[in-house]
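Undergrad: After the structure tokens below, expect a handful of questions from me.
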Amino acid sequence: MVDDASRRRAINATGTLLTELLQTNPQYDRTWRGAGRRLRSSATAPAAVSQVIASYLWEVGERPDTETDLPRSLRDRIRRALRGEQLSGETLTWFIGAFEMSDQDAQKLWATFSGDAIGPLDAIVDTVPVPRPMGKRQWHRTMTLFERYLFSKDRSYIQRRTMQVIQAIEDGVDSYLFNHEPFAASISVLYGGHLGQHYEYGGGLVSDDIMFGRTLQTGQRIAIEYETAFDPGVHRPTEVRRAVRARVENLDFAIQFAAEHAPRSVWFCAWPDHYTGDPVLNEPLSLDEAGGAHRFVAYAQQTVLGFRWEW
């Protein structure tokens, strides 16, 4: 993963890019200036931007419209984001949705936020020749996906953390089906919903519903974050995989080993199946001083992505 100093640089660069886009893109500029006029303010200011974002959150149902002080309560958070001091994936999602940013601008922001430039693997598609059956039909599109894998000093797999932005492609979307490792000890939803029904199907696939707590209509989005825990000292895989079915934008994969017990080689890979088969794509990666590595991919579809390594 990215160390603290690199993370701070990425957040600072993202704040700078956000400010630049809001000032130079005519559509975005008109949006916040319109809110500023309603507020009798001409500054590029957090007050005007907070009003735009609050209106968006009310419209998509992420915040109740009875929360009338929302623009004011968001102001410090928005100020810190624009200054590049503090920025979460959820906040960046709000900016992109509230200003209806283009796919190109969203991709640039997510790549900057991840601390990476778009590299040789701009897109990875169609590496899965025969998809496994799904537990449910897909009624959403993933707009952004951040995957984080954590390993302990004894080389055991202890945690997987995921941040995901989901957009409904039909009315009535109230959940996301999370396919995960069959040996997961527990799953916790950190924000955006709660855990629902458990499933086992598709020749060894295991999944759980993440219930949103509200229903999305076509085009509405929600950010969710969830954490998968594994029994420490038990599982020592040499690869981690994440299936991608329908097209997903802005994917960022990161893996963290203990610096003093890091593997000698690490690759970012694509496979033809969730569990079986050899990689059809291998890209060697370098670990940073803290024992981490990550890879940003602009978009992916009908593939399985992740890391493999050798000790």
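The values are calculated or read from the model by the stated rules, or taken from the named source; none is laboratory data. Predicted, not measured: the structure shown is a model, and the values here were computed from it. Counting neighbours? That spans all protein chains shown, and the Cβs are built from the backbone with ideal geometry, glycine included.
Undergrad: Restricting the first residue to the stretch 9-20 and requiring it to be more than 13 Å from VAL49 (Cα to Cα), which pairs with a second residue that is modelled with pLDDT under 90 and among the basic types (Lys, Arg) meet a Cβ separation below 8 Å and a spacing of at least six or different chains?
TA: LEU17/LYS108
Undergrad: Looking at SER175, SER207, SER186 in this structure, which one is in contact (Cβ under 8 Å) with a residue 12 or more places away in the chain, over 26 Å from THR303 (Cβ atoms) and of a type in the set (Ser, Thr, Tyr)?
TA: SER186
Undergrad: With the condition kept exactly as written, say whether any residue in the stretch 267-281 is hydroxyl-bearing (Ser, Thr, Tyr), under 28 Å from ASP126 (Cβ atoms) and assigned to a strand (DSSP E or B).
TA: To start, the set of residues in the stretch 267-281 that are hydroxyl-bearing (Ser, Thr, Tyr) comprises 275-276.
If we keep only those that are under 28 Å from ASP126 (Cβ atoms) too, we end up with 275-276.
After this cut, where a residue has to be assigned to a strand (DSSP E or B) as well, the list is none.
For the stretch 267-281, residues hydroxyl-bearing (Ser, Thr, Tyr), under 28 Å from ASP126 (Cβ atoms) and assigned to a strand (DSSP E or B): absent.
Undergrad: Can you tell me which residue in the stretch 242-262 is farthest from MET134 (Cα to Cα), limited to those that are basic (Lys, Arg) and surrounded by fewer than 21 Cβ atoms within 10 Å (Cβ to Cβ)?
TA: Across the stretch 242-262, the extreme among qualifying residues is ARG247.
Undergrad: Next question. Give me the residue from the stretch 244-258 that is at pLDDT 90 or above and small (Gly, Ala, Ser) and, out of that set, farthest from the chain's Cα centre (by Cα).
TA: ALA258
Undergrad: Cβ contacts < 9 Å: first residue without any contact (Cβ under 8 Å) to a residue 60 or more places away in the chain, restricted to the stretch 248-269; second residue hydroxyl-bearing (Ser, Thr, Tyr) and surrounded by fewer than 21 Cβ atoms within 10 Å (Cβ to Cβ), any location; separation 6+ or different chain. Result?
TA: PRO263/THR238; VAL266/SER286
Undergrad: Being surrounded by 15 or more Cβ atoms within 10 Å (Cβ to Cβ), modelled with pLDDT of 90 or more and farther than 11 Å from LEU82 by Cβ: is that true of VAL2 here?
TA: Against the criterion (surrounded by 15 or more Cβ atoms within 10 Å (Cβ to Cβ), modelled with pLDDT of 90 or more and farther than 11 Å from LEU82 by Cβ), VAL2 does not qualify.
Undergrad: Hey, another quick one. For the stretch 263-304, which positions are out of contact with any Leu (no Cβ under 7 Å at 6 or more places or on another chain), among the aliphatic types (A, V, I, L, M) and crowded, with 22+ Cβ neighbours inside 10 Å?
TA: VAL304
Undergrad: What is the one condition in (1) among the charged types (D, E, K, R); (2) loosely packed, with under 15 Cβ neighbours inside 10 Å; (3) part of a strand (DSSP E or B) that ARG236 does not satisfy?
TA: (3)
Undergrad: OK, next. Of all residues in the stretch 283-311, count the ones that are over 21 Å from the mean Cα position of the chain (by Cα), in a strand (DSSP E or B) and of a type in the set (A, V, I, L, M, F, W, C).
TA: The number of residues fulfilling the criteria is 1.
Undergrad: Got a sec? Which of ARG161, ARG214, ARG155 is among the basic types (Lys, Arg) and out of contact with any Lys or Arg (no Cβ under 7 Å at 6 or more places or on another chain)?
TA: Values: ARG161 fails: out of contact with any Lys or Arg (no Cβ under 7 Å at 6 or more places or on another chain); ARG155 fails: out of contact with any Lys or Arg (no Cβ under 7 Å at 6 or more places or on another chain).
The conditions single out ARG214.
Undergrad: To continue, here is another question. Would you please list the contacts, defined by Cβ atoms under 7 Å and residues six or more apart or on different chains, that run from a residue in the stretch 64-86 that is part of a loop (DSSP other than H, G, I, E, B) to a residue that is of a type in the set (S, T, N, Q)?
TA: Here the result reads GLY84/ASN12; GLY84/THR14; GLY84/THR16, each pair linking the stretch 64-86 to a residue that is of a type in the set (S, T, N, Q).
Undergrad: Now for a different question. At negative phi, assigned by TED's automatic domain parsing to the domain that holds GLY36 and among the small types (Gly, Ala, Ser): is that true of GLY97 in this structure?
TA: When the stated conditions are applied, GLY97 passes them.
Matching residues to (1) touching a residue at least 12 places away in the same chain (Cβ under 8 Å); (2) in a loop (DSSP other than H, G, I, E, B); (3) buried (at least 16 other Cβ atoms within 10 Å of the Cβ):
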position: ALA106; (1), (2), (3): yes, no, yes
position: THR112; (1), (2), (3): yes, no, yes
position: ILE166; (1), (2), (3): yes, no, yes
position: ASP171; (1), (2), (3): yes, yes, no
position: LEU190; (1), (2), (3): yes, no, no
